[in-house]
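*Asks:* Structure incoming, see below.
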Amino acid sequence: MNMSKFVGQAETIMRTLGLEWEPLAVRFSDEADARGDSTRKLRICEAFDVVRRERTILNFSKENCICPGGRHFTGLEPLPLETVAGVWTRGHKAYESMDVALASLRKQPQPIKRGDFVILGPLSDSEIDPSMVALFVNPEQADRVLGLASFKGAEPFTFYPVNNICSTITNSLAKDGPEINFLAMHSRKLANWSPNELIIAMPFRTFEKALDDISRSEYGTERTEGPKV
């Protein structure tokens, strides 16, 4: 695969939306990327910030992903829902009880194992199509990229509150469509997120469709007249 494809895609979406940070590519594999770091021990929410700031590639496995929730939601090591509910209830104080946490989690998409590694890196460094792309956006940019992704049609949007960054991976792939993550409080405390930053994630083919419609949509570069009165 010609790497210039991914360089061009990254440049196009950044220029169109005025993004500060390059999109992050997420790929699942049974083998680590030889260019990536497989030893750095991080939480997934920390890793997203590290990749965008350092422009590095990280190979995550169940050995170096230090967050149980991260291993669960990325499918590296799916855990019993009772264990995940305990993290949300006792660790993050996000639910009033285990019963409430379990009831919420059972209504959400469940992760599946897609490979021994989750590889995170800048989109422009991709060598093959990633599984999905995550964009770091403000509210206006979030509206525009979701508008582009919906140009040829959109399904009703489902949002699961009290979600962390790693759950974005599960949710987007399970829905086979865009996912918006408002960045939970504990994620913001662990990394350098601006108060007005969000994450929009989507399967790679959805991202490519959004790119194709930039010139035809008002959410991209097409301009329309205001309503006539």
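The values are calculated or read from the model by the stated rules, or taken from the named source; none is laboratory data. Computed from a predicted model, the values in this text were never measured in an experiment. Cβ atoms come from the backbone with ideal geometry, glycine included; neighbour counts cover every protein chain shown.
*Asks:* Select from region 160-189 the residues that are hydrophobic (A, V, I, L, M, F, W, C) and assigned to a loop (DSSP other than H, G, I, E, B) and write down the one among them that is farthest from Pro68 (Cα to Cα).
*Replies:* Residues of region 160-189 that are hydrophobic (A, V, I, L, M, F, W, C), as a first pass: 162, 165-166, 169, 173-174, 180, 182-185.
Restricting the remaining residues to those that are assigned to a loop (DSSP other than H, G, I, E, B) gives 162, 182-184.
Working: Val162: 16, Phe182: 21, Leu183: 18, Ala184: 16 Å.
Result: Phe182.
*Asks:* Condition (residue is within 13 Å of the chain's Cα centre (by Cα), farther than 26 Å from Leu102 by Cα and modelled with pLDDT of 90 or more) applied to region 175-193: is it met by at least one residue?
*Replies:* Within region 175-193, none of the residues are within 13 Å of the chain's Cα centre (by Cα), farther than 26 Å from Leu102 by Cα and modelled with pLDDT of 90 or more.
*Asks:* Taking region 137-148, which residues are within 15 Å of Ala10 (Cβ to Cβ) and touching a strand residue (DSSP E or B) at 6+ places or on another chain (Cβ under 6 Å)?
*Replies:* Of everything in region 137-148, those that are within 15 Å of Ala10 (Cβ to Cβ) and touching a strand residue (DSSP E or B) at 6+ places or on another chain (Cβ under 6 Å) turn out to be Val137, Val145.
*Asks:* Any chance region 200-210 includes a residue that's surrounded by fewer than 19 Cβ atoms within 10 Å (Cβ to Cβ), of a type in the set (D, E, K, R) and in contact with a Pro (Cβ under 7 Å, 6 or more places away or on another chain)?
*Replies:* no
*Asks:* Among Phe207, Phe157, Phe151, which is in a loop (DSSP other than H, G, I, E, B) and either in contact with a strand residue (DSSP E or B) (Cβ under 8 Å, 6 or more places away or on another chain) or closer than 30 Å to Ala101 by Cβ (or both)?
*Replies:* Values: Phe207 fails: in a loop (DSSP other than H, G, I, E, B); Phe151 fails: either in contact with a strand residue (DSSP E or B) (Cβ under 8 Å, 6 or more places away or on another chain) or closer than 30 Å to Ala101 by Cβ (or both).
From the options Phe207, Phe157, Phe151, the qualifying one is Phe157.
*Asks:* Counting just the residues of region 65-103 that are in a loop (DSSP other than H, G, I, E, B) and touching a residue at least 40 places away in the same chain (Cβ under 8 Å), which one comes out nearest to Lys41 (Cα to Cα)?
*Replies:* Just the residues of region 65-103 that are in a loop (DSSP other than H, G, I, E, B), to begin with: 66-67, 74-80, 92-97.
Then drop every residue that is not touching a residue at least 40 places away in the same chain (Cβ under 8 Å), which leaves 67, 74-76, 92, 94-95.
Values: Cys67: 9, Thr74: 15, Gly75: 17, Leu76: 14, His92: 21, Ala94: 25, Tyr95: 28 Å.
Top of the filtered list is Cys67.
*Asks:* Another one. Does region 32-48 contain any residue that is in contact with a strand residue (DSSP E or B) (Cβ under 8 Å, 6 or more places away or on another chain), in a strand (DSSP E or B) and surrounded by 20 or more Cβ atoms within 10 Å (Cβ to Cβ)?
*Replies:* Yes, the conditions are met somewhere in region 32-48.
*Asks:* Take Ser217 and decide whether it is hydroxyl-bearing (Ser, Thr, Tyr) and in a helix (DSSP H, G or I).
*Replies:* Details: hydroxyl-bearing (Ser, Thr, Tyr): yes; in a helix (DSSP H, G or I): no.
Answer is no for this residue.
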